[in-house]
Amino acid sequence: MSDEEYVNPLGPFLNESLLGTFCHGIYTCTLAVTLWSIASNKGRQTKARNTMILIIIILYISTTIYVAVTWNFTQYTFVKNGETVATAIQATISSSSSWLILHWSAGITSGINTTIADAIMIWRCWVIWGGRYETIV
């Protein structure tokens, strides 16, 4: 098999990690502008508004943990075990304790983010449609 036919499965993994880190930077800027906009609005402080601020911050913290875990996993794959392509691939499919911790941490934070985002979307639909459950279901 020639080099041109060989597909390195680690390329997309590295690209995903770098793109995710870049997008997290954009997310950080968006969060800063959003919180500044909310703080500068001297309107009434409702319980729903304060709850949404708390949820936005929880989502950001969870996303930051996910990006940190992904970056750590990238370092584990390419720096600690990246002597050759074979050792890097072996690191991604191994069952070592570090890999399992990183894998489970990424899965848990993704699950938290998905659950919270879905709950917010359902709540917003419920509010917009006047509390009618048949629309949400």
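The values are calculated or read from the model by the stated rules, or taken from the named source; none is laboratory data. Nothing here was measured: the structure is a model prediction, and the numbers come from that model. Cβ atoms come from the backbone with ideal geometry, glycine included; neighbour counts cover every protein chain shown.
Scanning segment 57-94 for residues that are more than 16 Å from PHE13 (Cα to Cα) and under 23 Å from the mean Cα position of the chain (by Cα) returns ILE57, ILE58, LEU59, TYR60, ILE61, SER62, THR63, THR64, ILE65. If we keep just the residues of segment 3-50 that are surrounded by 11 or more Cβ atoms within 10 Å (Cβ to Cβ) and charged (D, E, K, R), which is modelled with the highest pLDDT? Only one residue tops the list, namely GLU16.
Each row is one residue, and each column tells you yes or no for (1) surrounded by 14 or more Cβ atoms within 10 Å (Cβ to Cβ); (2) among the hydrophobic types (A, V, I, L, M, F, W, C); (3) closer than 17 Å to ILE55 by Cα.
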| position | (1), (2), (3) |
| --- | --- |
| GLU83 | no, no, no |
| ALA86 | no, yes, no |
| ILE93 | no, yes, no |
| LEU102 | yes, yes, no |
| SER110 | yes, no, yes |
| ARG124 | no, no, yes |
| GLY130 | no, no, no |
| GLU134 | no, no, no |
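Within segment 105-123, is there a residue that is in a helix (DSSP H, G or I) and farther than 24 Å from HIS24 by Cα?
Within segment 105-123, one or more residues are in a helix (DSSP H, G or I) and farther than 24 Å from HIS24 by Cα.
Of all the listed residues (VAL79, VAL69), the sole one being of a type in the set (Val, Ile, Thr) and exposed (fewer than 11 other Cβ atoms within 10 Å of the Cβ) is VAL79. Comparison of LYS80, LYS42 shows that the only residue that is among the charged types (D, E, K, R), closer than 24 Å to LEU100 by Cβ and free of Cβ contacts under 8 Å to residues at least 12 places away in the same chain is LYS80.
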